[in-house]
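Asks: Dumping the structure here so I can ask a few things about it.
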Amino acid sequence: QSAQYAPCSRRRMSAMEALELLDQLVDESDPDVDFPNSFHAFQTAEGIRRAPPDKDWFHLVGLLHDLGKVLVLFGEPQ
(Lines give C-alpha, C1' and ligand atoms only; values in the text may rest on other atoms or scores of the structure.)
Protein backbone atom coordinates (compact mmCIF):
# COMPACT_ATOMS: atom_id res chain seq x y z
CA GLN A 1 0.00 0.00 0.00
CA SER A 2 2.88 2.40 0.55
CA ALA A 3 3.45 2.43 -3.21
CA GLN A 4 -0.11 3.70 -3.62
CA TYR A 5 0.31 6.65 -1.24
CA ALA A 6 4.06 7.38 -1.34
CA PRO A 7 3.98 9.45 -4.55
CA CYS A 8 1.35 11.83 -3.07
CA SER A 9 -0.64 11.57 -6.29
CA ARG A 10 -4.05 12.29 -4.74
CA ARG A 11 -3.40 15.93 -3.93
CA ARG A 12 -0.66 18.01 -2.35
CA MET A 13 -1.77 20.30 0.47
CA SER A 14 -0.54 21.92 3.63
CA ALA A 15 -1.52 20.65 7.05
CA MET A 16 -3.85 23.63 7.45
CA GLU A 17 -5.55 22.84 4.13
CA ALA A 18 -6.04 19.25 5.28
CA LEU A 19 -7.49 20.47 8.59
CA GLU A 20 -9.96 22.63 6.65
CA LEU A 21 -10.91 19.64 4.48
CA LEU A 22 -11.78 17.66 7.61
CA ASP A 23 -14.76 19.98 8.02
CA GLN A 24 -16.26 18.65 4.77
CA LEU A 25 -16.81 15.14 6.07
CA VAL A 26 -18.99 13.45 8.63
CA ASP A 27 -16.96 11.04 10.72
CA GLU A 28 -18.81 7.70 10.90
CA SER A 29 -17.39 7.14 14.38
CA ASP A 30 -18.88 10.45 15.60
CA PRO A 31 -21.80 11.30 13.26
CA ASP A 32 -23.81 13.47 15.66
CA VAL A 33 -21.13 15.94 16.73
CA ASP A 34 -22.28 19.51 16.13
CA PHE A 35 -18.89 21.15 15.71
CA PRO A 36 -16.36 20.95 12.86
CA ASN A 37 -13.77 18.17 12.80
CA SER A 38 -10.99 20.77 12.72
CA PHE A 39 -12.26 22.07 16.06
CA HIS A 40 -11.72 18.61 17.51
CA ALA A 41 -8.11 18.68 16.26
CA PHE A 42 -7.40 22.06 17.87
CA GLN A 43 -9.23 21.01 21.04
CA THR A 44 -7.09 17.88 21.28
CA ALA A 45 -3.85 19.80 20.75
CA GLU A 46 -4.84 22.39 23.35
CA GLY A 47 -5.72 19.69 25.88
CA ILE A 48 -2.37 18.04 25.37
CA ARG A 49 -0.60 21.40 25.65
CA ARG A 50 -2.06 21.86 29.12
CA ALA A 51 -1.16 18.35 30.28
CA PRO A 52 2.55 18.04 29.34
CA PRO A 53 3.38 21.63 28.30
CA ASP A 54 7.06 20.83 27.70
CA LYS A 55 6.37 18.31 24.92
CA ASP A 56 5.69 20.53 21.89
CA TRP A 57 6.04 17.57 19.50
CA PHE A 58 3.13 15.90 21.32
CA HIS A 59 0.94 19.00 20.84
CA LEU A 60 1.55 18.71 17.10
CA VAL A 61 0.61 15.02 17.13
CA GLY A 62 -2.68 15.96 18.82
CA LEU A 63 -3.39 18.50 16.09
CA LEU A 64 -2.59 16.13 13.23
CA HIS A 65 -3.99 12.87 14.60
CA ASP A 66 -7.09 12.76 12.36
CA LEU A 67 -5.65 14.15 9.11
CA GLY A 68 -5.73 10.75 7.42
CA LYS A 69 -9.51 10.97 7.45
CA VAL A 70 -9.37 13.39 4.50
CA LEU A 71 -8.66 10.35 2.29
CA VAL A 72 -12.41 9.68 2.48
CA LEU A 73 -12.86 12.70 0.22
CA PHE A 74 -10.69 10.92 -2.36
CA GLY A 75 -12.63 7.66 -2.39
CA GLU A 76 -11.11 5.76 0.51
CA PRO A 77 -13.44 4.09 3.03
CA GLN A 78 -13.66 5.36 6.60
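Asks: Consider the candidate values [x] 13.6; [y] 18.6; [z] 14.3; state which one is Kirkwood radius over Cα pairs in Å computed from the structure displayed.
Replies: Of the listed options [x] 13.6; [y] 18.6; [z] 14.3, [x] comes from this structure.
Asks: Right, something else. Would you kindly find the accessible area of Val61, with a 1.4 Å probe and non-protein molecules such as ligands, DNA and RNA excluded, rounding to the nearest 10 Å²?
Replies: 70 Å²
The values are calculated or read from the model by the stated rules, or taken from the named source; none is laboratory data. None of the values given here were measured: they were computed from a predicted structure. Heavy atoms of the whole protein, side chains included, go into the accessibility calculation; ligands, DNA and RNA do not. Shrake-Rupley method; radii C 1.70, N 1.55, O 1.52, S 1.80 Å.
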